[in-house]
Amino acid sequence: MNQITIHTLGTAPEATKDNLTAVTEKFGFIPNILAALASSPSALNAYISIMGGSEKLGTLSPADRQFLYLCVSVTNACQYCVPAHTGGCMKAGVNPEIIEAARSGAPISDPHFQALREFTKAVVTKRGHVDQTEMDTFIAAGFTKDHVLEILPAVAVKTISNYTNAMFDVPLDDVFSKFAWKP
């Protein structure tokens, strides 16, 4: 597997240090995926900018957003991001049964989360070419066209981290190890 440096504040390129400092203040540590992205100031900045804009300006709830990140990561078979967003979902109050169903591919009894998972999966696997029925089903579950658009930055940011992990097999942080996952 290709190797990538897992940076610390001491080893990171100067252009990434402000972002890594902000990450440390937010999470209390630098997640390995972000420490890996720090090898490229443009990649880390893109990730942080998209994630921050989505969280600050989006209308999806924190639970929906974490679940959306989880669904993208499951669809992309990311062994780093699925555990990370499992923890995020739990912190945001998503029912553990819903989380486990998303991780395993089992049906979800809650129609809201089932619709969010299915539409997200369609967006990712069809690279945005969803059909009208998929869009209508998503909106009928209580979402809006604005929510459709909010899925796009979530897919973009998770594509950055999911693909980084796929290319470099970023080691899972100890804090996420209890949520380890294999596709």
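Considering the dipole of the range 14-179 built from charges on the beta carbon (Lys and Arg +1, Asp and Glu -1) around the Cα centre, which of 63, 41, 111 is farthest to its positive end?
Farthest towards the positive pole: 41.
May I ask you to sort 30, 151, 160 by Cβ crowding, counting other Cβ atoms within 10 Å and putting the fewest first?
Values: 30 21, 151 27, 160 18.
Taking fewest neighbouring Cβ atoms as first place, the list is 160, 30, 151.
Identify which of 115, 140, 36 has the largest mean-square fluctuation in a Gaussian network model of the chain, with springs joining Cα atoms closer than 10 Å.
140
Residue 14 to residue 118: extension gain in nm, 0.36 nm per residue of separation minus the Cα-Cα distance?
In short, 33.4 nm is gained.
Taking only DSSP H segments of four or more residues, each worth -39500 (n - 2.57), what value at 222 nm results for the chain once the sum is divided by all its residues, to the nearest 500 deg cm²/dmol? Walk me through the numbers before you get to the answer.
Details: 9 runs with 117 residues, N = 183.
Using -39500 (n - 2.57) per qualifying helix, the result is -20500 deg cm²/dmol.
Give the share of C-alpha pairs in each 10 angstrom bin for the range 1-153, from 0 to the last occupied bin, in whole percents, shortest bins first.
Final binned percentages: 10, 36, 34, 16, 3, 0.
Where nothing but the Cβ of Lys and Arg (+1) and of Asp and Glu (-1) is charged, how large is the charge dipole of the chain around its Cα centre, in debye to the nearest 20? Numbers along the way, then the final one.
On the way: 14 positive and 17 negative charges, 38 e Å.
The dipole of the chain has a size of about 180 debye.
Could you tell me which of rounded, prolate or oblate describes the range 87-176, using a ≥ b ≥ c as the square roots of the eigenvalues of the alpha-carbon gyration tensor, with rounded for a/c under 1.5 and, failing that, prolate when a/b is larger than b/c and oblate otherwise?
Oblate is the answer for the range 87-176, as a/c is 1.5 or above yet b/c matches or exceeds a/b.
Please label the shape of the range 55-132 as rounded, prolate or oblate, based on the square roots a ≥ b ≥ c of the eigenvalues of the alpha-carbon gyration tensor (a/c under 1.5 means rounded; beyond that, a/b larger than b/c means prolate, else oblate).
Working: a/c = 1.33, a/b = 1.22, b/c = 1.09.
Verdict is rounded for the range 55-132.
What spacing in nm lies between the two simple spin-label points modelled at residue 106 and residue 49, each 7 Å away from Cα in the Cβ direction?
So the label points at residue 106 and residue 49 sit 4.2 nm apart.
For the range 1-56, rounded, prolate or oblate, judged on the Cα gyration tensor with a ≥ b ≥ c (square roots of eigenvalues), a/c < 1.5 rounded, else prolate if a/b > b/c?
Values: a/c = 1.66, a/b = 1.38, b/c = 1.20.
Verdict is prolate for the range 1-56.
Can you sort 173, 131 from fewest to most other Cβ atoms within 10 Å of each residue's own Cβ? Walk me through the numbers before you get to the answer.
Details: 173 19, 131 10.
Arranged by neighbour count, lowest to highest, 173, 131 become 131, 173.
Can you give me the relative contact order of the range 14-179 as a percent, contacts being Cα pairs under 8 Å and 6 or more apart?
Result for the range 14-179 is 32 percent.
Values in this text are rule-based calculations from the coordinates and carry no lab data. Computed from a predicted model, the values in this text were never measured in an experiment. Glycine gets a Cβ as well: all are built from the backbone with ideal geometry, and neighbour counts include every protein chain shown.
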